Amino acid sequence: MQHFVVCLLSATLVAGCAFNQYQNDISNNQYYEKQIYADANAAYVGEWSAATDIGIRSIKIKEDGRIKVCLAASSGTEDGKVYMDNGKPAIIIRTGAKITIVNIDKDFLLLEVYGKQEKYHAGLIDAACVPSFKNFD
């Protein structure tokens, strides 16, 4: 029983830290301070989709480092950009939220979003996001 309580408290603490980091990133928004990082040959350039806790999310990453994020359920979009974080490419959304690129493969993009990993698959864009990506120049 003690082991269960310790595990539960640890999970709560980790979730709380991730939420606090998210709140800190939003309140101290560094989007305009971060220099965009362009790499036309980067493996992450392209269109990606994943089933997330809040629904199907699609991401388009352009060669110039600009990003468009679309939530299929609402067809709402948000802009972002690739930037360098300690020598590695990372993502920042206009709200200030930061996303770590964990792994890149030709078929998938693994991102860490405040303690949760999301696996995005190449080219499987939800129909609701196609118009947003088509007009993303």
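The values are calculated or read from the model by the stated rules, or taken from the named source; none is laboratory data. What you see is a predicted model; the values in this text were computed from it and never measured. Because the Cβ atoms are built from the backbone with ideal geometry, glycine has one as well, and the counts that use them run over all protein chains shown. Protein only, heavy atoms only, side chains kept; ligands, DNA and RNA dropped before computing areas. Shrake-Rupley method; radii C 1.70, N 1.55, O 1.52, S 1.80 Å.
The residues of the stretch 41-53 that are without any contact (Cβ under 8 Å) to a residue 60 or more places away in the chain and open to solvent by 60 Å² or more (accessible area, probe 1.4 Å), listed by number, are N41, A51.
In the stretch 44-120, counting only strands (runs of 3 or more DSSP E) that sit wholly within it, the ones holding 1 or more residues that are of a type outside the set (F, W, Y) and in contact with a helix residue (DSSP H, G or I) (Cβ under 7 Å, 6 or more places away or on another chain) span 46-52, 55-61, 66-71, 76-85, 98-104.
Once the stretch 1-39 is narrowed to residues that are open to solvent by 100 Å² or more (accessible area, probe 1.4 Å), assigned to a loop (DSSP other than H, G, I, E, B) and not charged (D, E, K, R), the residue that is modelled with the lowest pLDDT is M1.
Per-residue answers, yes or no, for (1) surrounded by fewer than 18 Cβ atoms within 10 Å (Cβ to Cβ); (2) among the small types (G, A, S); (3) at pLDDT below 95; (4) farther than 14 Å from S132 by Cα:
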residue: G55; (1), (2), (3), (4): yes, yes, yes, yes
residue: K60; (1), (2), (3), (4): no, no, no, no
residue: A97; (1), (2), (3), (4): no, yes, no, yes
residue: Y114; (1), (2), (3), (4): yes, no, yes, yes
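Total residues in the stretch 123-137 satisfying the condition of being outside any helix (DSSP H, G or I) and open to solvent by less than 80 Å² (accessible area, probe 1.4 Å): the figure is 4. Apart from one condition, M84 fits all of (1) under 15 Å from the mean Cα position of the chain (by Cα); (2) open to solvent by less than 70 Å² (accessible area, probe 1.4 Å); (3) at pLDDT 95 or above; the exception is (2).
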